[in-house]
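Quick note: the coordinates plus some simple rules give every number you see, no bench work behind them. Fair warning: this is a prediction, and the values are worked out from it, not measured in the lab. Neighbour counts are summed over all protein chains in view; Cβ atoms, including those assigned to glycine, are modelled from backbone coordinates with ideal geometry.
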Amino acid sequence: MESILFDLFDNNTDNGSEESGDFDMDFLEPCGSALSSNFNKIFLPTVYGIIFVLGVIGNGLVLLVIGYQKKVKTMTDKYRLHLSVADLMFVLTLPFWAVDAASSWYFRGFLCVFVHLIYTINLYSSVLILAFISLDRYLAVVRATNSQPTRKLLASKVIYVGVWLPAAVLTVPDLVFARVRDTGSSNFLLTDEGMGIADSRIICQRIYPQETSLIWTVVFRFQHILVGFILPGLVILICYCIIIAKLSEGTKGQALKKKALKTTVILILCFFSCWLPYCIGIFLDNLIMLNVVSSSCELQQAVEKWISITEALAYFHCCLNPILYAFLGVKFKKSARSALTVSSRSSQKVNLMTKKRGPISSVSTESESSSVLSS
């Protein structure tokens with residue numbers, strides 16, 4: 001969702017040299033960008049709409065079920081709660097991007113900056129939370145005897161310093177560079193998907209200074225790959241390799257541990273399956289921009305289409321977490337059934353008790369609800 005605008009024809013006509021003419025000629029062919037633009041106007045709003053509906057329903061259910069509990073029983077549930085909050089915040093911004101892709105940006109500058117902030121916070125917080133989950137699983141399995149205080153500290157306090165604070169700091173470029181721009185004021189548009197003739201429309205993008213736009217784009221893309229994938233990925237890989245080695249030492253009591261790890265492992269695999277193709281695309285595009293890989297019109301078109309599709313499909317990770325909980329999380333399914341039925345059962349019991357003994361206190365009702373949810 002980044003773009004860099006170039007005013008190739010500035011007001012200074014003194015430097016009408018051959019070098020300037022060659023530079024202009026290099027970008028006269030948009031290399032099929034109009035086809036890509038028409039594709040995005042249909043594909044992106046459709047995908048964003050599906051993700052928005054599934055994400056709001058699924059993550060809303062997770063927040064309802066876990067938030068309904070008076071006390072969160074496991075450390076993993078706390079991390080899942082954080083993850084669902086981040087994903088729900090993200091999917092609520094997708095209608096804005098759908099309208100932007102289909103037509104133009106109609107929501108002014110404040111919302112432009114705001115939706116960029118939510119996008120960045122979700123991107124980094126999600127993968128960092130998954131790294132914390134893997135660390136929590138490592139402590140629970142490998143160092144089970146004396147890890148409870150450390151796990152509580154990580155889940156209750158360190159997560160804010162290790163996840164939400166870095167994610168918030170990484171939104172500074174959005175505060176500085178994200179703004180609304182009329183592309184009709186420029187002749188050409190350079191986006192993450194490639195170079196093309198700019199349509200006369202309002203866009204909401206990160207717009208970097210003209211002289212250093214290439215540097216800023218490459219730096220922030222490599223930051224995206226490093227901080228959002230490589231570093232947390234190393235934590236996840238190391239923790240789970242140690243856990244696998246621990247579980248392979250014996251069979252006594254390991255079945256329950258393996259079952260407990262199943263949901264978390266699949267959750268992490270699904271996340272990287274969603275985001276890794278997009279990272280490959282922007283990494284290859286970076287190499288093309290730096291002239292490390294020789295470019296051609298066919299390659300530019302292929303990379304442009306690859307980035308458009310994989311970026312949109314990567315957002316499906318916001319919908320996968322609730323699905324995984326519903327089908328693989330036994331405790332979550334029990335809690336969901338309890339949360340959806342406890343209100344009706346409690347009201348029926350209140351009516352019955354009122355007839356027999358008179359009104360009962362709200363304290364006893366809360367106690368009964370807690371006992372149902374803790375089972």
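Values computed for the structure shown
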read-out	value
Flagged links, alpha-carbon separation over 32 Å, of 41/78; 157/333; 157/331; 246/305; 259/305	41/78; 246/305; 259/305
Most to least packed among 227-233, 134-140 [average Cβ atoms within 10 Å]	134-140, 227-233
Point-to-point label distance, residue 108-residue 296, nm (Cα→Cβ direction, 7 Å offset)	5.0
Sites residue 42 and residue 280 - FRET efficiency at Förster radius 35 Å, r taken between beta-carbons, to 0.05	0.90
